[in-house]
Amino acid sequence: MSINKDLVAASSTPLVLAILGEGDSYGYAILQRVRELSGGELEWTDGMLYPVLHRLERSGLIESRWEKAETGRKRKYYGVTDAGREQLAEERRQWRTVDETLRKIWSSVAEFARSGMPVYLPQRS
């Protein structure tokens, strides 16, 4: 299944903030965590992730630092700030509202489908 790119974009901020809320991480590990959490359904690329990280850093929601990895290479680590934690709480609230609303309408549509009653949609002019 391919996830609509608008939905991927809309979910990028809360996903990155939540992943960094688990602990500091670096780009490739964030990509792997998204893949893991989505069961392979979300396949982010570097070209999608790094603009999000840079935007969140400019906004003060995350901060970065360079560290030497076990391999000896330098790696840029990202961590969530206090402002980022506050934003994550707000994102969580908003996504819960969206989720609850979608579940209600899908449940309603499913009930109509089970009842055999036709669903009439208003005509658009």
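The values are calculated or read from the model by the stated rules, or taken from the named source; none is laboratory data. This structure is a prediction, so every number in the text was calculated from the model and none was measured. FYI the Cβ positions are ideal-geometry reconstructions off the backbone, even for glycines, and counts take in every protein chain you see.
Which members of region 48-92 meet the condition of being out of contact with any strand residue (DSSP E or B) (no Cβ under 8 Å at 6 or more places or on another chain) and in contact (Cβ under 8 Å) with a residue 60 or more places away in the chain? Full working, then the answer.
Going residue by residue through region 48-92, those that are out of contact with any strand residue (DSSP E or B) (no Cβ under 8 Å at 6 or more places or on another chain) are 48-52, 54-55, 58-60, 70-73, 82-83, 85-87, 89-92.
Listed by number, the residues that qualify are R85, Q87, E91, R92.
Mind checking which residues of region 1-51 are among the aromatic types (F, W, Y), farther than 22 Å from A83 by Cβ and surrounded by 14 or more Cβ atoms within 10 Å (Cβ to Cβ)?
First, pick out the residues of region 1-51 that are among the aromatic types (F, W, Y): 26, 28, 44, 50.
Restricting the remaining residues to those that are farther than 22 Å from A83 by Cβ gives 28, 44.
Once the filter is applied, which keeps residues that are among the aromatic types (F, W, Y), farther than 22 Å from A83 by Cβ and surrounded by 14 or more Cβ atoms within 10 Å (Cβ to Cβ), region 1-51 yields only W44.
Residue by residue, here is whether (1) among the polar types (S, T, N, Q); (2) more than 12 Å from the chain's Cα centre (by Cα) holds:
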{"residue": "S11", "(1), (2)": "yes, no"}
{"residue": "L20", "(1), (2)": "no, no"}
{"residue": "A29", "(1), (2)": "no, yes"}
{"residue": "W44", "(1), (2)": "no, no"}
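Here is a yes/no grid of residues against (1) within 14 Å of V16 (Cα to Cα); (2) modelled with pLDDT of 95 or more; (3) buried (at least 16 other Cβ atoms within 10 Å of the Cβ):
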residue: H54; (1), (2), (3): yes, yes, no
residue: S59; (1), (2), (3): yes, yes, no
residue: K68; (1), (2), (3): no, no, no
residue: Y77; (1), (2), (3): yes, yes, yes
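Only one of A110, A18 is aliphatic (A, V, I, L, M) and out of contact with any helix residue (DSSP H, G or I) (no Cβ under 7 Å at 6 or more places or on another chain). Can you tell me which? Steps first, please.
Values: A18 fails: out of contact with any helix residue (DSSP H, G or I) (no Cβ under 7 Å at 6 or more places or on another chain).
None of the others qualify; the one that does is A110.
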